[in-house]
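Enquirer: Just passing along the structure, written as structure tokens.
None of the figures in this text is laboratory data; all of them are computed from the coordinates on show. This one's a predicted model, so the numbers in the text were calculated from it and none came from an experiment. All Cβ positions, even for glycine, are placed from backbone atoms using ideal geometry, and neighbour counts span all protein chains on display.
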Amino acid sequence: MKRMLTSLLILTTIFLQAQNLSKSPWHIQAADIDPTNYYGITVANGMVGMVSSPQPLKVDEVILNGVYDYYQRGRVSNILKTFSHMNMHLEVDGRRIGPKDISGYAQTLDMKKAKLITTFEVGNNVSVKHELMSLRNLPYTAMSIIEITAKRNVTVIPINYIEAPNHLSDVRNLYSEIDRPHVLIPLMSSVAFSPGMKKVAASTSFIFPEKHGQEPNIIHEDWDYNMHLMKFKKQLKAGETYRFALVGSTISSVHNNDPHNEAERLTIYAKLEGIQRLESGHINAWNDLWQSDVQIEGDIESQRAVRSALYHLYSFARKGTAYSLSPMGLSGLGYNGHVFWDTELWMYPPLLVLQPEIARSLLEYRYERLGAAKENAFAHGYDGAMFPWESAEDGSEDTPVWALTGPFQQHISATVGWAFWKYYEVTNDKEWLATRGYPVLKEVADFWSSRVERKGAGRYEINNVIGANEWEENINNNAFTNGMVKTVLEYASLAAERLGKTPNPDWRHVAKNIPILKFPDGTTKENETYDGVTIKQADVNLLAYPLKVVTKEEDILKDLKYYEPRLAVDGPAMGGAILSVLYARLGNAKKSFEMFVKSYKPNELPPFGVLAETAGGTNPYFATGAGGTLQAVIFGIGGIEITESGIMQLDTKLPKKWKSLTITGVGKEEKTFTKN
């Protein structure tokens with residue numbers, strides 16, 4: 001009877017918690033988890049990304065930022081999938097539990113605290129709660145907190161194992177115990193080499209609540225060359241809850257010259273910090289991030305979607321680094337973890353206004369690879385810097401040879417320069433402009449001055465390119481490319497003048513003579529041979545936002561009416577997001593809201609609603625789409641505008657469902673902008 005009451009109390013508590021969380025704007029609950037139709041959600045800290053699993057106590061894969069190598073996918077590099085070091089097994093009374101042994105399996109992402117909470121029941125034996133965090137306060141370290149509540153007298157054996165992916169070689173598995181007067185430090189480590197002989201390491205340790213002398217004895221077992229484990233036994237009485245943690249660090253020789261020792265040092269440090277200090281440091285770091293937030297009153301679904309997009313962008317990048325953002329962030333190996341224009345045009349603008357220091361890290365990535373961009377321009381017969389379409393570790397072109405986007409999608413070189421000037425507009429940091437911004441803008445401007453084909457006044461053409469609409473290949477005078485080049489040539493000139501320099505007069509001369517083509521009725525023509533075919537994503541409409549090449553309302557509306565019905569339903573979500581911004585700025589709140597919803601809702605995948613690249617797609621998490629969705633809200637409905645004088649707010653209207661929109665922590669002054 002006592003055992004039955006305990007089980008009933010636990011189930012009632014879980015039910016009430018689920019009911020409360022369903023109304024929370026900070027929580028995403030996985031509903032009706034089906035392991036065969038499961039797309040995991042990522043917990044990450046800008047350096048280590050861990051993707052959730054439908055299996056109890058498991059992590060699907062671990063991604064390490066900043067390090068690339070050649071493995072698995074042809075002749076270009078991939079972001080490194082490293083040791084899976086945070087996985088666990090659980091044995092209850094000698095039986096190792098699996099999916100068939102559990103019930104009530106539930107997962108919830110707490111976005112405010114950046115932790116994934118998993119709960120389940122093991123028959124009438126135990127209830128388990130597992131909290132997974134990629135610690136924001138320790139960039140290479142993760143922590144799991146495990147609570148096991150006994151429903152009857154039981155013996156449990158928690159097991160941590162480190163497993164090496166197949167592309168790592170010369171795997172060395174080690175275990176040691178460091179004995180100190182007041183604590184015993186169990187340390188399990190694995191070290192290996194990537195195909196390109198980059199050294200990677202992972203190390204884990206348990207944190208127990210007991211004092212020295214009462215901690216469980218650890219048993220270490222080697223299974224095979226790519227996996228080993230450590231475990232301990234604990235006897236629990238009915239009603240007793242046992243709480244402990246697993247900490248693990250992973251790092252590579254790209255980050256540290258001695259990754260093996262550093263991984264162990266970081267894990268020892270985490271072990272001796274203890275659960276409370278680690279968790280509070282992590283939560284405090286996320287509280288600082290959430291000072292910059294987008295708050296929607298009156299529409300919980302929109303609020304949760306926007307918070308999810310923000311959570312993912314915040315998770316995939318961090319200040320104080322020189323790492324950028326891949327279209328899939330740290331959620332897996334999608335697009336090989338390479339860096340595209342997706343960063344500067346789609347993900348960077350929301351971060352620029354909400355987290356300028358993180359935005360600076362993304363720009364530092366480009367600055368540190370300026371030399372490689374100059375080599376790329378030289379190889380193609382041009383001056384200045386030609387940034388690669390796909391960039392990885394060293395900044396050279398890393399696009400697969402079969403993809404024509406590599407040599408021809410050159411608008412990225414202008415977009416990078418555009419992003420550098422926007423950072424200066426937001427921060428007014430003249431020292432940064434002198435040491436980082438202008439050196440990049442100058443090389444970008446020199447590239448385009450040498451790239452245009454000078455065919456007479458008003459005909460400085462940019463031919464044989466691929467524009468934002470990638471379905472039109474090797475075309476001439478693409479609208480977005482030409483518009484962005486005109487814009488960045490002016491920005492380079494302004495940057496020179498801000499620094500007291502005389503800009504190269506050829507920059508403005510070239511900009512003045514680059515054409516923007518029109519149809520006879522005045523509608524902007526996407527390229528010289530465009531004939532009205534379906535387009536993959538927005539191109540012409542980008543001339544109105546984020547550019548200011550098309551400024552008259554009647555011209556913006558004309559382009560919208562022409563290109564919106566030609567936007568592919570199976571294209572990426574960003575096109576709809578741009579249309580949402582434009583409709584909001586034209587005063588059409590209803591249409592703006594419709595396009596905002598289209599920018600994310602059809603792309604959600606079960607059970608967390610993570611975003612695929614396209615409606616019906618299966619390649620989450622598409623951080624580029626999240627950037628578009630956030631732009632629809634921040635720069636469209638919210639009316640935020642980046643100008644030469646800083647950040648201001650346009651007069652826009654809220655959707656009917658929204659009672660208010662508040663955007664906090666904007667810019668370096670951390671201003672608040674509100675609409676009611």
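Enquirer: Quick one: what are the phi-derived ³J(HN,Hα) couplings along region 94-106, Karplus 6.51/-1.76/1.60 with θ = phi - 60°, whole Hz, x for glycine and proline?
Expert: Ordered by residue, 3J(HN,Hα) equals x, 10, 6, 7, x, x, 6, 9, 10, 9, x, 5, 9 Hz.
Enquirer: Within region 30-65, which residues have the backbone N less than 16 Å from the label spot 7 Å out from Trp223 along Cα→beta-carbon, could you tell me?
Expert: 55-62
Enquirer: OK, next. Report the gain in length on full extension from Gln235 to Arg180: 0.36 nm times residue separation, minus Cα-Cα distance, nm rounded to one decimal.
Expert: Working: separation 55, 0.36 × 55 = 19.80 nm, distance 2.54 nm.
Gain on extension, Gln235 to Arg180, equals 17.3 nm.
Enquirer: Oh, and also: Over the alpha-carbon set of region 594-676, work out the extent along each principal axis and list the three values in angstrom, largest first.
Expert: 42, 28, 19
Enquirer: Among Thr141, Thr674, which comes first, then next, by fewest other beta-carbon atoms within 10 Å?
Expert: On the way: Thr141 26, Thr674 12.
Fewest-to-most Cβ neighbours within 10 Å comes out as Thr674, Thr141.
Enquirer: Enumerate the amide H contacts of Val550 below 5 Å, restricted to partners 5 or more residues apart or on another chain; note that Pro and chain-start residues carry no placed amide H.
Expert: Those qualifying (amide H under 5 Å, at least 5 residues apart or on another chain) are Ala544.
Enquirer: So if each residue of separation counts as 0.36 nm, and I subtract the Cα-Cα distance between Phe519 and Asp93, what length gain in nm does that give?
Expert: Working: separation 426, 0.36 × 426 = 153.36 nm, distance 7.61 nm.
145.7 nm is the gain from fully extending Phe519 to Asp93.
Enquirer: Gln649 to Ala322: FRET efficiency via 1/(1 + (r/R0)^6), r the Cβ-Cβ distance, R0 30 Å, to the nearest 0.05? Show your work: numbers first, answer last.
Expert: Details: r = 32 Å, r/R0 = 1.07.
Efficiency, from the Cβ-Cβ distance: 0.40.
Enquirer: Could you tell me how far the Cα centroid of region 572-604 sits from the Cα centroid of region 267-329, in Å?
Expert: Region 267-329 and region 572-604 have Cα centres separated by 25 Å.
Enquirer: Would you calculate the separation in nanometres between label points at Arg265 and Asp101, each defined as 7 Å from the Cα along the Cα-to-beta-carbon direction?
Expert: Going by the 7 Å Cα→Cβ label model, 4.0 nm.
Enquirer: What's the FRET efficiency of Ala568 with Leu272 using the Cβ-Cβ distance as r and R₀ = 56 Å, to the nearest 0.05?
Expert: Details: r = 55 Å, r/R0 = 0.98.
Using R0 = 56 Å, I get an efficiency of 0.55.
Enquirer: Sort Met47, Met197, Met230 so that the residue with the fewest other Cβ atoms within 10 Å of its own Cβ comes first and the one with the most comes last. List each step's numbers first, then the result.
Expert: Numbers: Met47 25, Met197 10, Met230 22.
Exposure proxy ranking, most exposed first: Met197, Met230, Met47.
Enquirer: Express in whole angstrom the spacing between the alpha-carbon centres of region 139-160 and region 611-650.
Expert: 39 Å
Enquirer: Using only the alpha carbon atoms of the chain, find the Kirkwood hydrodynamic radius as the inverse mean reciprocal pair distance, in angstroms to one decimal. Intermediate values should be presented prior to the final figure.
Expert: Numbers: mean 1/r = 0.0379 Å⁻¹.
Taking the inverse mean of 1/r over all distinct Cα pairs, the chain comes out at 26.4 Å.
Enquirer: Could you work out the relative contact order of the chain? I mean the mean sequence separation of Cα pairs under 8 Å and 6+ apart, divided by the number of residues, in percent.
Expert: Working: 1581 pairs, mean separation 81.3, N = 676.
Computed value for the chain: 12 percent relative contact order.
Enquirer: With N set to the residue count of region 2-289, report its C-alpha Rg divided by 2.2 N^0.38 Å to two decimal places.
Expert: Details: Rg = 18.9 Å, N = 288, 2.2 N^0.38 = 18.9 Å.
Cα Rg divided by the expected 2.2 N^0.38 Å: 1.00.
Enquirer: Related question: For region 315-468, what number of Lys pairs, 8 or more residues apart or on separate chains, have alpha-carbon atoms under 18 Å from each other?
Expert: On the way: Lys319/Lys422; Lys374/Lys442; Lys422/Lys430; Lys422/Lys442; Lys430/Lys442.
Count of close lysine pairs: 5.
Enquirer: Using the crude model of +1 on Lys and Arg Cβ and -1 on Asp and Glu Cβ, and no other charge, please compute the dipole size for the chain relative to its Cα centre, in debye to 20.
Expert: 1600 debye
Enquirer: Run down the lysines and flag those whose C-alpha is under 17 Å from the C-alpha of Lys518, throwing out any fewer than 8 positions away in its chain.
Expert: Straight-line reach from Lys518, under 17 Å: Lys486, Lys548, Lys552, Lys558, Lys561.
Enquirer: Compute the Rg to Rh ratio over region 244-355 from the alpha carbon atoms, using the Kirkwood formula for Rh, and round to two decimal places.
Expert: On the way: Rg = 17.0 Å, Rh = 16.6 Å.
With Rh from the inverse mean 1/r over Cα pairs, Rg/Rh is 1.02.
Enquirer: Between Lys675 and Gln55, what length comes free when the chain is fully extended (0.36 nm per residue of separation minus the Cα-Cα distance, one decimal in nm)? Don't skip to the answer; put the middle values down first.
Expert: Working: separation 620, 0.36 × 620 = 223.20 nm, distance 4.34 nm.
Full extension of this stretch gives 218.9 nm more.
Enquirer: Can you tell me which of 321-329, 88-96 comes out highest on packing, and rank the rest after it, using the mean Cβ neighbours within 10 Å?
Expert: Details: 321-329: 24.1, 88-96: 15.4.
Ranking, from highest mean packing down: 321-329, 88-96.
Enquirer: Give, rounded to the nearest 20 debye, the magnitude of the charge dipole that region 64-202 has about its Cα centre when Lys and Arg contribute +1 at Cβ and Asp and Glu contribute -1 at Cβ.
Expert: Numbers: 17 positive and 12 negative charges, 86 e Å.
In debye, rounded to 20, region 64-202 gives about 420.
Enquirer: While we're looking at this one, here's another question. To the nearest 0.05, how large is the calculated FRET efficiency for Gln214 and Asn257 if R₀ is 45 Å and r is the Cβ-Cβ distance?
Expert: Values: r = 39 Å, r/R0 = 0.86.
So the FRET efficiency works out to roughly 0.70.
Enquirer: Here are some pairs, Lys112/Lys233; Lys512/Lys668; Lys113/Lys601; which of them have Cα atoms lying more than 26 Å apart in this structure? Present the calculation step by step, with values, prior to reporting the outcome.
Expert: Details: Lys112/Lys233 34 Å; Lys512/Lys668 34 Å; Lys113/Lys601 24 Å.
Cα-Cα > 26 Å for Lys112/Lys233; Lys512/Lys668; rest within.
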